[in-house]
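The values are calculated or read from the model by the stated rules, or taken from the named source; none is laboratory data. Note that the structure is a prediction, hence the values are computed from the model and not measured. Note: ideal-geometry Cβ built from the backbone for every residue, glycine included; neighbour counts use all protein chains shown.
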Amino acid sequence: MQIILALVIGALFGATLDRVGATNPNWIIRMLSLRNLHLMKTIILAIGVGSILMFGGQMLGLVDVLHMSVKSAYIGVFIGGLLLGGGWAASGYCPGTGVCAAASGRKDALFFIAGGLLGAAAYMVTYDGWKASGLLDGIAGGKVTLGTVPGSKFEGMMALPGDVLGLVLGLVFVIVAFVLPDSLVGDGAEIAVE
Amino acid sequence: MVLNWKTGGVLLGFVFFLAVLLVKPIGVSTQFVILDAIVADAVNPELITQTDDGAYTSTNAYLAKSDGKYAKNASNPLNYSFIFVIAMMIGAFISVKARGGIGKDEARLPVVWYVNYGDTPVKRYAVAFVGGFIVLYGARLAGGCTSGHMMSGMMQTSLSGYIFAAGAFLAAVPVAMLVYKKGA
């Protein structure tokens with residue numbers, strides 16, 4: 001059953017990434033160079049919609065709170081984020097969109113994946129050093145959500161009800177997606193979308 | 001042509017929701033480690049071992065962490081997260097074919113590269129390779145990537161998701177502006 005779900009949700013995710021332009025390095029560069037924020041609006045709206053559906057579903061008792069999986073917060077998250085951001089902008093790919101781009105026939109994405117496999121292997125062999133540095137030790141509680149989600153195995157940073165906060169933040173993301181301009185840099189030339 | 005952001009955003013958000021509703025939040029970058037471990041264990045079977053009580057462990061500290069979670073998944077590649085990434089590729093492939101493919105020129109060299117650096121595919125492939133190395137090294141250090149940390153994380157109001165997104169965009173915006181001076 002798990003394998004069937006992996007096939008269905010995975011395929012849906014891959015197809016969606018293709019249709020929103022996330023697997024296309026041209027769209028990634030347009031977004032990251034702030035010339036055209038169409039993909040940024042898509043991503044921000046998606047986070048908002050996902051949040052509203054998940055927390056709304058939890059409040060209605062339709063979504064299992066225990067399906068949440070919160071990653072730990074530590075200094076390495078920020079450093080790793082900086083590295084990923086730099087490589088993402090230079091190549092136009094991140095891990096998920098890179099594999100999908102390779103599947104769509106993009107040759108450079110194959111090189112991205114090869115480099116990625118080597119980078120992941122390099123982390124495997126240097127992990128001990130990071131671990132010893134203390135930069136992987138949890139900060140502000142580690143695996144925490146901003147509010148305290150009822151029934152969740154993860155603690156909240158604040159005592160605020162985490163599901164209500166999640167719903168509100170979800171709405172904020174939706175609003176941001178709508179108010180974000182189409183372009184912040186350059187003439188913002190129109191690029192056809194459906 | 002890409003979907004309008006309103007349609008695309010709702011669709012993408014729904015897929016992230018569907019994953020949490022039915023199984024767990026979406027994540028991708030761990031599977032690069034799993035594939036590495038599968039290959040490395042095939043070359044050196046001593047890498048991943050199973051103890052008498054059935055638990056998996058590894059001589060590599062990273063694969064052995066969290067009670068050998070990665071070691072176990074590398075020994076059993078037919079698990080949810082690994083199949084998920086294979087399925088993503090199948091889904092993207094079908095979607096691309098359904099809309100008529102991306103074209104020969106774009107498959108060889110993205111137009112934004114051509115506009116900035118001309119017809120230099122080897123240089124582009126080198127940048128993609130080095131970029132991939134940095135992206136996955138960073139993702140593993142951070143414990144997740146754009147899907148796991150940024151999308152799934154911020155959607156769940158995870159503190160780590162916000163920290164990750166701050167780091168990623170802080171680096172990505174200036175690098176994109178410097179490397180790609182001309183838009184396309």
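Hey, any hits in the range B:69-91 for a residue that's at the interface with another protein chain (Cβ under 7 Å from one of its Cβ atoms), surrounded by fewer than 16 Cβ atoms within 10 Å (Cβ to Cβ) and within 30 Å of B:Gln50 (Cα to Cα)? Yes, that holds for at least one residue.
If you go through the range B:172-182 and keep only what is surrounded by 24 or more Cβ atoms within 10 Å (Cβ to Cβ) and part of a helix (DSSP H, G or I), you end up with B:Ala172, B:Ala176. In this structure, does B:Lys69 turn out to be in the same structural domain as B:Ala40 (by TED's automatic domain parsing) and either within 18 Å of the chain's Cα centre (by Cα) or within 30 Å of A:Arg30 (Cβ to Cβ) (or both)? So B:Lys69 does not fit the description; no. When restricted to residues that are farther than 20 Å from B:Lys24 by Cα, among the polar types (S, T, N, Q), in contact with a helix residue (DSSP H, G or I) (Cβ under 9 Å, 6 or more places away or on another chain) and not in a strand (DSSP E or B), the range B:52-90 contains 2. Within the range B:26-64, if we keep just the residues that are closer than 16 Å to A:Leu118 by Cβ and among the aromatic types (Phe, Trp, Tyr), the residue that is surrounded by the most Cβ atoms within 10 Å (Cβ to Cβ) turns out to be B:Phe32.
Residue count for the range B:118-134 under the criterion of being at the interface with another protein chain (Cβ under 8 Å from one of its Cβ atoms) and closer than 17 Å to B:Gly183 by Cα: the result is 1. Could you say whether any residue in the range A:14-27 is buried (at least 24 other Cβ atoms within 10 Å of the Cβ), within 20 Å of B:Arg124 (Cβ to Cβ), more than 7 Å from every other protein chain (Cβ to nearest Cβ) and not hydrophobic (A, V, I, L, M, F, W, C)? Taking every residue of the range A:14-27 in turn, at least one turns out to be buried (at least 24 other Cβ atoms within 10 Å of the Cβ), within 20 Å of B:Arg124 (Cβ to Cβ), more than 7 Å from every other protein chain (Cβ to nearest Cβ) and not hydrophobic (A, V, I, L, M, F, W, C).
Checking the structure you have, find out if any residue of the range A:148-159 is surrounded by fewer than 24 Cβ atoms within 10 Å (Cβ to Cβ), under 20 Å from the mean Cα position of the chain (by Cα), of a type in the set (A, V, I, L, M) and facing chain B (nearest Cβ under 8 Å).
Filtering the range A:148-159 for residues surrounded by fewer than 24 Cβ atoms within 10 Å (Cβ to Cβ) gives A:148, A:150-159.
Within this subset, residues satisfying the condition of being under 20 Å from the mean Cα position of the chain (by Cα) are A:154.
Retained after the next criterion (residues that are of a type in the set (A, V, I, L, M)): none.
No, that holds for no residue.
Per-residue answers, yes or no, for (1) touching a strand residue (DSSP E or B) at 6+ places or on another chain (Cβ under 9 Å); (2) part of a helix (DSSP H, G or I); (3) at pLDDT 95 or above:
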| position | (1), (2), (3) |
| --- | --- |
| A:Ile4 | no, yes, yes |
| A:Leu7 | no, yes, yes |
| A:Gly14 | no, yes, yes |
| A:Thr23 | no, no, yes |
| A:Trp27 | yes, yes, yes |
| A:Arg30 | no, yes, yes |
| A:Leu34 | no, no, yes |
| A:Ile47 | no, yes, yes |
| A:Met54 | no, yes, yes |
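Number of residues in the range B:39-51 that are assigned to a helix (DSSP H, G or I) and either touching a Leu at 6+ places or on another chain (Cβ under 7 Å) or under 16 Å from A:Asp128 (Cβ atoms) (or both) equals 2. There is at least one residue in the range B:35-52 that is under 22 Å from A:Leu84 (Cβ atoms) and either among the acidic types (Asp, Glu) or facing another protein chain (nearest Cβ under 7 Å) (or both).
Suppose we filter B:Val111, B:Val115 for residues that are surrounded by fewer than 20 Cβ atoms within 10 Å (Cβ to Cβ), among the hydrophobic types (A, V, I, L, M, F, W, C) and more than 8 Å from chain A (Cβ to nearest Cβ); which single one remains?
Details: B:Val111 fails: more than 8 Å from chain A (Cβ to nearest Cβ).
The unique qualifying residue is B:Val115.
Let's see how each residue does on (1) under 26 Å from B:Leu159 (Cβ atoms); (2) under 16 Å from the mean Cα position of the chain (by Cα):
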residue	(1), (2)
A:Thr23	no, yes
A:Ile29	no, no
A:Ala46	yes, yes
A:Gln58	yes, no
